[in-house]
Amino acid sequence: MQSPTFIQLHRIDDRALASEAAAGLLSAQAQVSPKFFYDPLGSRLFDAITELQAYYPTRTEAAIFAAHGAAMADAVLDATGDEPVMIDLGAGNCAKAARLFGWLAPRRYVAVDISVDFLRDSLQRLQREHPAIQMVGVGLDFSAHLQLPERLVDGRGLVFYPGSSIGNFGAGEALRLLRDARATAAGGALLIGVDLVKPLAMLEAAYDDELGVTAAFNLNLLNHLNRLLGADFRVRDWQHVAHFDAAHSRIQMHLQARQAIAVRWNGAQRKFAAGERIHTENSAKWTVADFEALLRKAGFGAMRHWTDDQGWFAVFLAAG
Ligand code: AVI
């Protein structure tokens, strides 16, 4: 039986991460990238979010794959040819991709995440279940630039990016990632999950749930910053805020100071007035037409999509 191989292309540099976080805290509108949510506790809190009744994206996307997986795979194979190389962005536990293996029969599965350490156990388990598929784990920060060694994508590939994480990028970064995904697929296809515009109350409940799990996920970022920067944030001084910004069609999450606060770290200080906010995340919501326009702008020529009965979420296949 073959074994998975692992390549760490991205050096995780805590000092660079600390300077990035500090620069964000010191900017006029304080902001911290959503990537800082995902320390070990933050990753577990995100998993809990995906099980909340109010958080519809995960189960809705899963239902779309369950209902249309076979049709999607036929359409993918039309674009890539048989036995494609499947490239899974932000693969984590690899579960979403593995559900498509039966239909797609990829010859190689390339799981990409920021650190190969997140991929080791899942790829070793998957390799035992699918001994014929060559498995490669790649540690890469594809949010900065997606480029894989050429030998990994020898032929037309399928880039797989479920979960609507594309919504957490700024508009320019999302376009750049789609362009990179098109180049990486090398004439193949992109299969991507996208959250759609829907009534305001439903959107806001998904990002401010009654159990407070999303609030804990947002506030936990302060604990992560305390460790990374040696800062003295007190979680109880801050409040989770989520609202839909209709002008940009996105949920915005913030942490709002409950009173005037001075936060200190490493010789630096940022004063916050009562009610002042740190911007922590955008989560864009598209119409089908708007996302198709973005795919076209990224260079894709052919596209189709599958959605659920309520039209809450869509999975797009883009090729060309
Ligand atoms: C990872 N990402 C797609 C989630 C989202 O819905 O934007 C992150 C999240 N933030 C709050 N709840 C979930």
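For the reader, a short list of remarks on this structure follows.
- Sites excluded, GluC sites (Glu not before Pro) in DSSP loops with at most 15 other C-beta within 10 Å, longest stretch of the chain: 52-209
- Measuring between their Cα centroids, the range 1-67 and the range 69-111 lie 22 Å from each other.
- Karplus-derived 3J(HN,Hα) values for the range 167-181, using 6.51 cos²θ - 1.76 cosθ + 1.60 with θ = phi - 60°, are x, 8, 8, x, 4, x, 5, 5, 5, 4, 5, 5, 5, 4, 5 Hz; glycine and proline are entered as x.
- From its DSSP helices (H runs of at least four residues, each -39,500 (n - 2.57)), the chain gives a residue-normalised ellipticity at 222 nm of -11000 deg cm²/dmol.
- If R0 is taken as 22 Å, the Cβ-Cβ distance between residue 43 and residue 19 corresponds to a FRET efficiency of 0.45.
- Beta bridges from DSSP with both residues in the range 181-320: antiparallel share about 95 percent, rounded to the nearest 5.
- Of all accessible heavy-atom area on the chain, the percent that carbon and sulfur account for (1.4 Å): 51 percent
- For residue 6, the residues whose modelled amide H falls within less than 5 Å of its own, excluding neighbours fewer than 5 places apart on the same chain, are 137.
- Surface analysis of the chain yields an accessible area of 45 Å² per residue, using protein heavy atoms and a 1.4 Å probe.
- Converting phi to 3J(HN,Hα) with the Karplus coefficients 6.51, -1.76 and 1.60 and the offset θ = phi - 60°, the range 233-248 yields 4, 10, 3, 5, 7, 10, 10, 6, 9, 9, 8, 8, 9, 5, 4, 10 Hz in sequence order, with x at every glycine or proline.
- When +1 charges are put on Lys and Arg Cβ atoms and -1 charges on Asp and Glu Cβ atoms, the dipole computed for the range 178-260 relative to its Cα centre reaches about 260 debye.
- Mean separation of Cα contacts under 8 Å, 6 or more apart, over the residue count of the chain: relative contact order %: 22 percent
- Measuring nothing but how far apart in sequence close Cα pairs (under 8 Å, 6+ apart) lie, relative to its length, the range 127-205 scores a relative contact order of 35 percent.
- The trypsin sites (Lys or Arg not before Pro) of the range 208-286 that DSSP puts in a loop, and whose beta carbon has at most 11 other beta carbons within 10 Å, are 234.
- Dipole check for the chain: with +1 at the C-beta of Lys and Arg, -1 at the C-beta of Asp and Glu, and the Cα centre as origin, the magnitude is about 600 Debye.
- Over the range 193-320, relative contact order from alpha-carbon pairs under 8 Å, at least 6 apart, %: 25 percent
- Here the chain carries DSSP beta bridges of which approximately 55% are antiparallel, counting only pairs with both residues inside.
- GNM result for the chain, Cα springs below 10 Å: residue of 243, 145, 254 fluctuating most strongly: 145
- Cα long-axis angle, helix 14-26 against the chain (0 to 90 degrees, to the nearest 10): 50 degrees
The values are calculated or read from the model by the stated rules, or taken from the named source; none is laboratory data. It should be emphasised that the depicted structure is a prediction, and the values quoted were computed from it without experimental measurement. Cβ: placed from backbone, ideal geometry, glycine included. Neighbour counts: every protein chain shown. Accessible surface areas use protein heavy atoms only, side chains included; no ligands, DNA or RNA. Shrake-Rupley method; radii C 1.70, N 1.55, O 1.52, S 1.80 Å.
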